[in-house]
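K.L.:
Quick one: the structure is below, questions incoming.
The values are calculated or read from the model by the stated rules, or taken from the named source; none is laboratory data. Values in this document were obtained by computation on a predicted structure and should not be read as measured data. Reconstructed Cβ throughout: ideal geometry from the backbone, glycine too, with neighbour counts over all protein chains shown.
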Amino acid sequence: MNNKSLPITPQEAVKRLSGALPTRRMRDVLERRFGLKNGHKATLEEIGQTYKITRERVRQIEADARRRVGVSGGIREIEPVYRVIGEGLLAMGGAASSLQLFGAFAEKRHHPHLHFLLSFHPAFVFFPEDERFHDRWAADKNSAAKSEATIHKTMAALAEKKRPVTQEELLNIARAAAGELGEAAAPEEHLLSYIASTKLIKMNPYGEYGLSFWPTVSPRGIRDKAYAALSHQGAPAHFRDVARLIDAGRWSKKKVHPQTVHNELIKDKRFVLVGRGMYALREWGYEEGSVRDVIASLLKSSLRPLTRDEIIALAGEKRMVKPQTILLNLQNQDLFKKTQDGKYTLV
């Protein structure tokens, strides 16, 4: 939708509501408090300085202006505008962020006008921005509560997965959450609206969604960005390639220096140096140490001697190493011995 979906423009609707105000000062106070002129919501102090009156006097003028608009016939006059916006809100599940709801009807510069209009109609409930949600509108408090509950259940499911998911996966998770709350087969539009309203679920540059505080979603430095890049790739990479992966993710405009990546990753326990300049994530099962240390660890943890092929396969899961290198290390008779059936064990 766009502003053509409304019977009249938001500016014209505001003009009709403001017509109920008897003085230019009243209109100016409301316009500036809602940021209708330039998007800046003026403070009581700023307006008071303009008119050389106290903040309390500005507050009184604003309260009087709001009361006059609220009881005027202008609201009934532009009821068709409210009807269209209300239908749009219901199509979004009855609750949506201001940005998403207003974006369906007007350009961003006219969003303050829509905020002004909805503030005077009892069919719309406004929820200010807080730590969890962007500022948003709801058809009623129950719709807002349903949206919040769906988000909380979706977050809990994401926390169990411990990894970013595709949009399709996220929608499936949110649909299941909505289903548990009684909204069977929730439409995609509802779920997308709920997700867009929260600050707690974000999308990373790879188009994956996760909890906003995850390093794979909102990395804070080179180490987190490298962690996100390797997690997304799912395989070890040379530190030069990690730098390129970070740049490709467009986490920032500044290019990453490969040596900086190497210097940072070697100090972070989440990463393991598995080859010459090659890094992997420790959570993948890779181990640090020399090849013989890795082989010794495998044999020590095994309940039986291992064949040459088993050692090569298992060591390859711990380190990026060539089979020939593993075989050469197995010749160390101070550490390893060969059994009669051709298997290997510790001395």
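K.L.:
Check off (1) under 27 Å from A139 (Cα atoms); (2) surrounded by 14 or more Cβ atoms within 10 Å (Cβ to Cβ) for L44 and give me the number that stays unchecked.
P.N.:
(1)
K.L.:
Shifting gears a bit: Tell me the residue from A159, A149, A174 that is closer than 22 Å to L89 by Cβ, within 15 Å of the chain's Cα centre (by Cα), part of a helix (DSSP H, G or I) and in contact (Cβ under 8 Å) with a residue 24 or more places away in the chain, please.
P.N.:
Details: A159 fails: closer than 22 Å to L89 by Cβ; A149 fails: within 15 Å of the chain's Cα centre (by Cα).
Only one candidate qualifies: A174.
K.L.:
While we're here: Sort through E208, E188 and tell me the only one that's of a type in the set (D, E) and under 30 Å from M278 (Cα atoms).
P.N.:
Values: E188 fails: under 30 Å from M278 (Cα atoms).
Checking each option against the conditions leaves just E208.
K.L.:
Which residues, counting only those in the stretch 5-36, are among the small types (G, A, S) and free of Cβ contacts under 8 Å to residues at least 24 places away in the same chain? I'd like the intermediate steps shown before the answer.
P.N.:
First, the residues of the stretch 5-36 that are among the small types (G, A, S): 5, 13, 18-20, 35.
Selection gives nothing.
K.L.:
While we're here: What are the residues in the stretch 202-234 that are without any contact (Cβ under 8 Å) to a residue 12 or more places away in the chain, surrounded by fewer than 17 Cβ atoms within 10 Å (Cβ to Cβ) and closer than 16 Å to R282 by Cβ, if any?
P.N.:
G234 - this is the single residue of the stretch 202-234 that is without any contact (Cβ under 8 Å) to a residue 12 or more places away in the chain, surrounded by fewer than 17 Cβ atoms within 10 Å (Cβ to Cβ) and closer than 16 Å to R282 by Cβ.
K.L.:
Can you name the residue in the stretch 113-132 that is within 25 Å of the chain's Cα centre (by Cα) and not in a loop (DSSP other than H, G, I, E, B) and is also farthest from P10 (Cα to Cα) among such residues? Break it down stepwise before answering.
P.N.:
To start, the set of residues in the stretch 113-132 that are within 25 Å of the chain's Cα centre (by Cα) comprises 115, 125-132.
Okay, now just the ones that are also not in a loop (DSSP other than H, G, I, E, B), so 115, 125-127.
Values: H115: 10, V125: 19, F126: 18, F127: 21 Å.
Within the stretch 113-132, the match that is farthest from P10 (Cα to Cα) is F127.
K.L.:
So, in the stretch 217-231, how many residues would count as being within 24 Å of G275 (Cα to Cα) and under 16 Å from the mean Cα position of the chain (by Cα)?
P.N.:
The total comes to 3.
K.L.:
On to the next question. Among H111, H121, which is in contact with a helix residue (DSSP H, G or I) (Cβ under 8 Å, 6 or more places away or on another chain) and free of Cβ contacts under 8 Å to residues at least 24 places away in the same chain? Don't jump to the end; show me each part of the working.
P.N.:
Numbers: H121 fails: free of Cβ contacts under 8 Å to residues at least 24 places away in the same chain.
That would be H111, the only listed residue that is in contact with a helix residue (DSSP H, G or I) (Cβ under 8 Å, 6 or more places away or on another chain) and free of Cβ contacts under 8 Å to residues at least 24 places away in the same chain.
K.L.:
Condition (residue is over 27 Å from E107 (Cα atoms) and modelled with pLDDT under 95) applied to the stretch 36-48: is it met by at least one residue?
P.N.:
Looking for residues that are over 27 Å from E107 (Cα atoms) and modelled with pLDDT under 95, one finds none in the stretch 36-48, hence no.
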